[in-house]
Amino acid sequence: QVQLVESGGDLVQPGGSLRLSCAASGRLFRFYDMGWFRQAPGKQRELVASIRAGRTTNYADSVKGRFTISRDDTKNTVYLQMNSLKPDDTAVYYCNTISTNWVWGQGTQVIVSS
């Protein structure tokens, strides 16, 4: 069973930046299309950024131009660079395959507040 471990979340002021990391166990990571999801209190989990095995990226309108997803298949890791953070970005962030094939990790908390 693949394990996902997210890290990098923190308390940050509006306008600040964070870089999230997600490390996956398993040997077939490079074949999977990966995504970053987030869940804010009282809301459903949503996909905010994705990167396909071929490196094509897509973003939710709410983060386009501010977030950048990338991956390092040699490290089985996917990253999310988050710039110009807003209070609405406050959520627990998770990674998974786009099809959410794997068991969810514990997530990493991002709080954007002054």
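The values are calculated or read from the model by the stated rules, or taken from the named source; none is laboratory data. From a predicted model like this one, the values you see are computed outputs, not experimental measurements. Every residue, glycine as well, gets a Cβ built from its backbone with ideal geometry; the counts of neighbours run over all protein chains shown. Note: accessible area is taken over every heavy atom of the protein model, side chains too, but ligands, DNA and RNA are not part of it. Shrake-Rupley method; radii C 1.70, N 1.55, O 1.52, S 1.80 Å.
Roughly to the nearest percent, how much of the accessible area of the stretch 1-76 is carbon and sulfur, given a 1.4 Å probe?
46
Can you return the lysines within cross-link range of K64? Criterion is Cα-Cα under 24 Å, with same-chain partners fewer than 8 residues away left out.
Counting by Cα, and skipping residues close in sequence, K64 has these lysines nearby: K43, K86.
With labels modelled as points extended 7 Å from the Cα through the Cβ direction, what inter-label distance (nm, one decimal) is found for T56 paired with V5?
Placing both labels 7 Å along Cα→Cβ, they lie 3.3 nm apart.
Taking the solvent-accessible surface of protein heavy atoms with a 1.4 Å probe, what is the per residue accessible area of the chain in Å²?
54
Considering Cα pairs under 8 angstrom that are at least six residues apart, work out the relative contact order of the stretch 19-81 and quote it in whole percent.
38
How far apart, in nanometres, would the label points at S113 and S99 be if each is projected 7 angstrom from Cα along the Cα-to-Cβ direction?
Taking the two extended label points, one gets 3.9 nm.
Of all DSSP beta bridges in the chain, what percent run antiparallel (nearest 5)?
Close to 95 percent.
Going toward the positive end of the dipole of the chain, with +1 on Lys and Arg Cβ and -1 on Asp and Glu Cβ, which of Y32, L4, T90 do you reach last?
Ranked along the dipole, the leading option is Y32.
Counting only trypsin sites (Lys or Arg not before Pro) that sit in a DSSP loop (anything but H, G, I, E, B) with at most 14 other Cβ atoms within 10 Å, what is the longest stretch of the chain containing none of them?
Excluding the exposed sites themselves, the longest stretch runs over 76-114.
Which of rounded, prolate or oblate describes the stretch 1-49 when judged by the alpha-carbon gyration tensor and an a/c cut-off of 1.5?
Since a/c reaches 1.5 and a/b is larger than b/c, the shape of the stretch 1-49 is classed as prolate.
Hey, with R₀ at 35 Å, roughly what FRET efficiency would Q44 and T74 work out to, going by the Cβ-Cβ distance, to 0.05?
Step by step, r from the Cβ atoms, then E = 0.55.
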